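Trainee: Take this structure, written in structure tokens, and hold onto it; I'll ask about it next.
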Amino acid sequence: MKIEWTSTVFTLIAFIILYILLNKYAFKPLFSIMEKRKELVLGQMQDAEENRKQASQLLEDQKVALQAARKDAYDIIEQAKTTGSKQADELIATAKSESNRLKEEAVRDIESEKNKAVAALRSQVSGMSVMIASKIIEKQIDEKSQEQLVAEYLKEVGDKA
């Protein structure tokens, strides 16, 4: 086997020219596209990581906001209970004071009516006493008749009352 140097040199020169042309027109644009693609993928990975961190932070923020909302709701419920209890106590106190006022007013009315009745009875008794005395004086009767007359008038007063 004999190596021909001329064909080997031509082949080698053709290969070098082909490599230079490919390097200039094919490999450089191909490598630059691949480099851009690599940078794009790395950028997307960084964006994805940042988005994941933001999502994690938002999730934590939402948890905190939810806990705050629950606490606010609990506080509102407790305040409503307290307010309701205070209003109920106020209503009970108002009702008690009103019932006491009405009771005192009724007692005063009863006392007033009692005093009027006693005054009316006294005036009737005094009038009857005067009548009895005048009849006793008119008749000048004995003691037995006088007792009978007083008993009649007392009975009469009892029937009127």
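Derivation of every value follows stated rules applied to the coordinates shown; laboratory data play no part. These figures come from a predicted structure and were not determined experimentally. Every residue, glycine among them, receives a Cβ derived from its backbone with ideal geometry; neighbour counts consider all protein chains shown.
Trainee: Relative to the Cα centre, what is the charge dipole magnitude of region 1-66, using +1 at the beta carbon of each Lys and Arg, -1 at the beta carbon of each Asp and Glu, and rounding to the nearest 20 debye?
Mentor: Working: 9 positive and 8 negative charges, 69 e Å.
Charge dipole of region 1-66: 340 debye, to the nearest 20.
Trainee: So what's region 74-123 giving for Rg/Rh, alpha carbon basis, Kirkwood Rh from the mean inverse pair distance?
Mentor: Values: Rg = 21.4 Å, Rh = 14.0 Å.
Radius of gyration over Kirkwood radius for region 74-123 works out to 1.53.
Trainee: Restricting to Cα atoms and excluding each atom paired with itself, what does the Kirkwood estimate give for the chain in Å?
Mentor: Details: mean 1/r = 0.0336 Å⁻¹.
Across the chain, the inverse of the average 1/r is 29.7 Å.
Trainee: Mind checking which of Ala26, Ile110, Gln87 is farthest towards the positive end of region 1-131's charge dipole, using Cβ charges of +1 (Lys, Arg) and -1 (Asp, Glu) about the Cα centre?
Mentor: The listed residue farthest towards the positive side: Ala26.
Trainee: Need the list of aspartates and glutamates near Lys53 for cross-linking: C-alpha distance under 18 angstrom, and skip anything on the same chain fewer than eight residues off.
Mentor: Asp61
Trainee: Now a separate question. When the chain is fully extended, how far beyond the present Cα-Cα distance does Arg70 get from Leu18, taking 0.36 nm per residue of separation? Display every interim value, and only then the final one.
Mentor: On the way: separation 52, 0.36 × 52 = 18.72 nm, distance 7.41 nm.
Net length gain for the segment: 11.3 nm.
Trainee: Any lysines with Cα under 26 Å of the Lys86 Cα? List them, leaving off those in the same chain fewer than 8 positions away.
Mentor: Of all the lysines, those that pass the test against Lys86 - Cα under 26 Å, at least 8 places apart if same chain - are Lys71, Lys96, Lys103.
Trainee: If you put +1 on each Lys and Arg Cβ and -1 on each Asp and Glu Cβ, how big is the dipole of region 1-125 around its Cα centre, in Debye rounded to 20? Mind showing how you got there, number by number?
Mentor: Numbers: 20 positive and 19 negative charges, 76 e Å.
So the dipole magnitude of region 1-125 works out to roughly 360 debye.
Trainee: Right, next: Sort Ile92, Ile132 by Cβ crowding within 10 Å, fewest neighbours at the top. Write down the numbers at each step before the final one.
Mentor: Values: Ile92 10, Ile132 18.
Placing the least packed residue first, the sequence is Ile92, Ile132.
Trainee: If you don't mind, there's one more thing I want to ask. Among Gln54, Gly43, Ala68, flag the residue with its Cα farthest along the positive direction of the charge dipole of the chain, charges on Cβ as +1 for Lys/Arg and -1 for Asp/Glu.
Mentor: Projecting each Cα onto the dipole axis, the largest value belongs to Gly43.
Trainee: On a 0 to 90 degree scale, rounded to 10, what angle separates helix 5-22 from the longest Cα axis of the chain?
Mentor: 30 degrees
Trainee: Suppose R0 equals 30 Å; then what is the FRET efficiency for Glu104 and Ser126 from their Cβ-Cβ distance, rounded to the nearest 0.05? Kindly include the intermediate steps, with their values, before the conclusion.
Mentor: Numbers: r = 32 Å, r/R0 = 1.08.
Efficiency computed from Cβ-Cβ geometry: 0.40.
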